[in-house]
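Note sheet for the following structure.
Please treat every number below as a calculation from the coordinates, not as lab data. Please read these numbers as outputs of a predicted model, since none were measured by experiment. Cβ sites come from the backbone with ideal geometry, for glycine too, and all protein chains shown count toward neighbours.
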Amino acid sequence: MKARDAENIVVYDIRGQICPSCLLFTLREVHELREALKEGRIEILIKTDNRDATATIPDAVASMGYDHFVEKKEGFYEIRIMRHKQQKLAD
Amino acid sequence: MTPAILFIIIVNLALGLVAGAIMYRSDFCVAGMFRDLFLFRKTVMLRTLLLLVVASMVLFELMRRIGLLPLYPFPLLGSPSLGNIAGGVIFGIGMVLAGGCVVGTLYKMGGGSMISATAFAGLIIGSGLYAEMHPWWTAVSKKFSFLQGHITLPQALGCDPILLLLPVTGLAAYLFLRWHAQRRWEVASPAEGYIQPWKAALYLAILGTLSYTLIGMPFGITNAYAKAASYLTNIPVPMHVSQVAFYNTVPLKYTAPVSQVELHGGPGPFFDAIAYIQFPLIAGIVLGAMIAALRIGEFRVYFRVPARQYVSALAGGIILALGSRMTPGCNIWHLFGGVPILSMQSLLFLIGIIPGSYIGSRLLVTLVLSMRPEVSA
């Protein structure tokens, strides 16, 4: 499992991990990076092959006030987590 | 091989293929249903499990009433014992640590999961370990058994099953309609080819009913894990296997309903009824999931997983196997098959699996998923 920071997108590759690692891991990282996320300085990108996580992660981060975008790639899914649009407009 | 045995093999393989594909597409993880209740207070998947149980209850009773289930209760079930609860607790711990139950491990492995492949190895190792403790555990379980000679709750109460099934299904129907009105059945998932879990529950209830009608039993696979362990142990130490009491038991003895063939089977290293009922079902579930994953381009194998998770999967698989043999039976056997006919063993297993899942969830979060990820800039 590695993460890299490039162009303000923090990427986590958590493919192949035990359930429910994807959701727990994401919640922890979103919490850790909440200030930068809320200020729009960064976005988090999760790479996962867990089909369940494509539903549970967006559901959880939406309830925490973040926007999300899920996209299928070659054999896995990318879930982008970013600050809410309404918050951007307010800023 | 006789046509009757070939029929049994083909039916189980076909049922397994369809079940594996459905489970993969809907991510129908029973371990996750219990685990997520404790970790995330999430109940949507548990609702679908209840739907599956109640749908099976209705279908089994319907088939029994029209005379298509001559084996009622089905073979391999026995009188209740407090050992069923103990087995359920151990099973619950194991399935959460393994990242899936005995069937969840199969469909996830079919999708390419190395964690589940590790848990699969653990299941075979654990089944082999249980063989060594079988005489001791049988004595303990017998000591705590009760209502000898009675398998189901209606049998113990001496009443027609419908007297108990009607209020249960009636209450469930009320809840189902309420959840429907509250739109609590649908899971919003962007996963490609996703099958809504409530639909998967109904499909699996139909497949379980087909298995019960055509083979004489609903889905069950854990004896096959024990048989795989005996085959593997038999390679280096055949003398030992021949002396282990567990491998000489023949718990399965019945006449198959459609083919009318006499079937005998046990965990020993022989090509008997356990082998041609359960091995094709296992192969079918793995292949069905693999085909489903390949068709949408999702079959991938990832090895780079934290070592701690591999250890958890292996240990979980071993614990899961011990629980399944101690109960005896797995969650699919008991929840998809036994609970719908109100088998007392299955109801006790259900009582055990709940605290087991809670303990497993705490262990998983504390010991396995507590590490921070390796981060490189």
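So, R0 is 56 Å and r is the distance between the beta-carbons of B:Leu294 and B:Leu166; what FRET efficiency does that work out to, to 0.05?
Efficiency, from the Cβ-Cβ distance: 0.80.
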statement: Subtracting the Cα-Cα distance of B:His180 and B:Met63 from 0.36 nm times their residue separation yields 39.4 nm
Assigned charges on the beta-carbon of Lys, Arg, Asp, Glu; chain A dipole about Cα centre (debye): 40
task: Using a 10 Å cut-off on Cβ to Cβ distances, tally the other chain neighbours for every residue of B:302-310 and report the average as a whole number.
output: 4
message: Under 5 Å between amide hydrogens, which residues at least 5 positions from A:Val10 or on another chain qualify, with H placed 1.01 Å from N in the peptide plane?
response: A:Glu43, A:Ile44, A:Leu45
message: Students often forget the sequence filter, so: which aspartates and glutamates lie under 12 Å Cα-Cα from A:Lys72 once same-chain residues fewer than 8 apart are removed?
response: A:Asp49, B:Glu192, B:Glu298
query: Over the Cα atoms of segment A:2-90, how large are the radius of gyration and the largest Cα-Cα distance (Dmax), in Å?
result: 12.2, 39
- line: The answer for the net charge of residues other than B:Leu342 whose Cβ lies under 13 angstrom from its Cβ, with Lys and Arg +1 and Asp and Glu -1, is -1
- prompt: Which value results when the Cα radius of gyration for segment B:3-368 is divided by 2.2 N^0.38 Å?
  reply: 0.94
query: Excluding same-chain residues fewer than 8 positions from B:Lys253, which lysines have a Cα within less than 22 Å of its Cα?
result: B:Lys142, B:Lys227
query: Once the Cα atoms of helix A:21-32 and of chain A are each reduced to a long axis, what angle between those two axes, in degrees from 0 to 90 to the nearest 10, is obtained?
result: 20
- request: Take each complete run of DSSP H in chain B, measure how far its Cα atoms stretch along the helix's own axis, and keep only those covering 20 Å or more with mean Kyte-Doolittle hydropathy at least 0.5; list them.
  value: B:3-26, B:44-65, B:82-98, B:114-143, B:161-181, B:197-215, B:273-295, B:307-326, B:344-363
- line: Fewest-first ordering of B:Ile353, B:Ile206, A:Ile42 by Cβ atoms within 10 Å yields B:Ile206, A:Ile42, B:Ile353
- request: Would you compute the Debye intensity of segment B:197-334 from its alpha-carbon atoms alone, equal scatterers and no solvent, and pass along log10 I(q)/I(0) at q = 0.09, 0.12, 0.13, 0.15 Å⁻¹ to two decimals?
  value: -0.36, -0.64, -0.74, -0.96
Fluctuation leader among B:Pro75, B:Pro269, B:Pro190 - chain B, Gaussian network, Cα springs under 10 angstrom: B:Pro190
field: Rg/Rh (Cα only; Kirkwood hydrodynamic radius) as it applies to segment B:134-208
entry: 1.18
- request: Among A:Asp52, A:Asp13, A:Asp67, determine the one that fluctuates most according to a GNM of chain A built with springs between C-alpha atoms less than 10 Å apart.
  value: A:Asp52
- prompt: Quick one: putting +1 on the C-beta of Lys and Arg, -1 on the C-beta of Asp and Glu, what dipole do you get for chain B around its Cα centre, in Debye to the nearest 20?
  reply: 720
task: Starting from the exponent 0.38 and prefactor 2.2 Å, build the expected Rg for the protein assembly as shown from its residue count and divide its actual Cα Rg by it.
output: 1.00
- prompt: What is the percent of Cα-Cα separations in segment B:1-73 that go past 19 Å?
  reply: 59
- line: Taking N as the number of residues in segment B:63-113, the ratio of its alpha carbon radius of gyration to 2.2 N^0.38 Å works out to 1.66
For segment B:136-178 versus segment B:54-131, the gap between their alpha-carbon centres in whole angstrom: 18
- line: Summing +1 per Lys or Arg and -1 per Asp or Glu among the other residues with Cβ less than 14 Å from B:Phe246's Cβ gives +1
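Taking the Cβ of B:Ser79 as the centre, find all other residues whose Cβ is under 15 Å away and add up their charges (Lys, Arg: +1; Asp, Glu: -1). Before the final figure, lay out the partial values.
Numbers: positive: B:Lys142, B:Lys143; negative: none.
Net charge in that neighbourhood comes out at +2.
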statement: The lysines whose Cα lies under 22 Å from the Cα of B:Lys42, excluding any fewer than 8 residues away in the same chain, are B:Lys108, B:Lys199
task: Please give the FRET efficiency for A:Lys72 paired with B:Phe303, using the beta carbon to beta carbon distance and R0 = 22 Å, rounded to the nearest 0.05.
output: 0.50
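Can you give the charge dipole size of the protein assembly as shown about its Cα centre, rounded to the nearest 20 debye, using +1 on the beta carbon of Lys and Arg and -1 on the beta carbon of Asp and Glu?
The dipole magnitude comes to about 400 debye.
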